[in-house]
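Enquirer: Before we start, here is the structure in question, set down as structure tokens.
Read-outs: derived from the displayed coordinates by stated rules, not from any lab. Computed from a predicted structure; not experimentally measured.
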């Protein structure tokens, strides 16, 4: 009798779980398609390209100077004294170090600029996704462009605190 009652209880619970899962509203979005269709993204990309080009122009000028100095050194090396060779090599090395430093600085500044320009666009997209989720009653929205990353979820499905309690963590 206890086994039958236990079986019926388990069946009822399993049925309720399946029923509850059947009522979940799940959707997906392709954030790449969304972002590429936003006019703000195209303008940000254009601004980033212009910003990057200004650094690239400076680096290109430095590279030409480096090539010129290297060629002059190689052409005149046999007629230079050791002291002159040392000074010229130091100039070339210093220029190479400045080029590397400028390249690194340009990458860092470009990344910061990209972040500054894209942050408001990503926030706008995120707000729109959440608004649609609430309007349409979605429980979860996944982003297929990010490998199925979850971009919206109802708080009621968060079991973090339950798991922490199970582990004895406050």
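Enquirer: Note the angle between two axes, namely the Cα long axis of helix 39-76 and the longest principal axis of the Cα atoms of the chain, as a number of degrees from 0 to 90, rounded to the nearest 10.
Expert: 30
Enquirer: Right, next: From Cα pairs below 8 angstrom and at least 6 apart in sequence, can you work out the relative contact order of the chain, rounded to a whole percent?
Expert: Relative CO of the chain lands at 35 percent.
Enquirer: Continuing with this model, one more query. Restricting the count to DSSP beta bridges whose residues both fall in the range 2-166, what percent are antiparallel, rounded to a multiple of 5?
Expert: So the antiparallel bridges amount to about 50 percent of the total.
Enquirer: As I understand it, the value is the acute angle between the Cα axis of helix 82-136 and the longest principal axis of the Cα atoms of the chain; what does it come to in degrees, rounded to 10?
Expert: 20
Enquirer: Report the far tail of the P(r) of the chain, meaning the percent of Cα-Cα pairs longer than 18 Å. Before the final figure, lay out each step's value.
Expert: Working: 11169 of 14365 pairs.
Across the chain, Cα pairs with separations above 18 Å total 78 percent.
Enquirer: Expressed in nm to one decimal, what extension gain is obtained for the pair residue 84 and residue 146 from 0.36 nm per residue of sequence separation less their Cα-Cα distance? Before the final figure, lay out each step's value.
Expert: Working: separation 62, 0.36 × 62 = 22.32 nm, distance 5.72 nm.
Between residue 84 and residue 146, full extension yields an extra 16.6 nm.
Enquirer: What 222 nm value per residue comes from the helices of the chain, counting each DSSP H run with n ≥ 4 as -39,500 (n - 2.57) and dividing by all residues, nearest 500 deg cm²/dmol?
Expert: Roughly -27000 deg cm²/dmol at 222 nm, from the helical runs in the chain.
Enquirer: Would you please classify the overall shape of the range 105-170 from the alpha carbon gyration tensor, given that a ≥ b ≥ c denote the square roots of the eigenvalues, rounded means a/c under 1.5, and beyond that prolate means a/b larger than b/c while oblate covers the rest?
Expert: On the way: a/c = 2.92, a/b = 1.52, b/c = 1.92.
Oblate, since a/c reaches 1.5 and b/c is not below a/b.
Enquirer: Taking 0.36 nm per intervening residue step and subtracting the Cα-Cα distance, what contour gain separates residue 113 from residue 154 on full extension?
Expert: That works out to 11.5 nm of additional length.
Enquirer: Still on this structure, I have one more. Output the 0 to 90 degree angle, nearest 10, between the alpha-carbon long axis of helix 2-22 and the longest principal axis computed from the alpha carbons of the chain.
Expert: Its long axis makes an angle of about 50 degrees.
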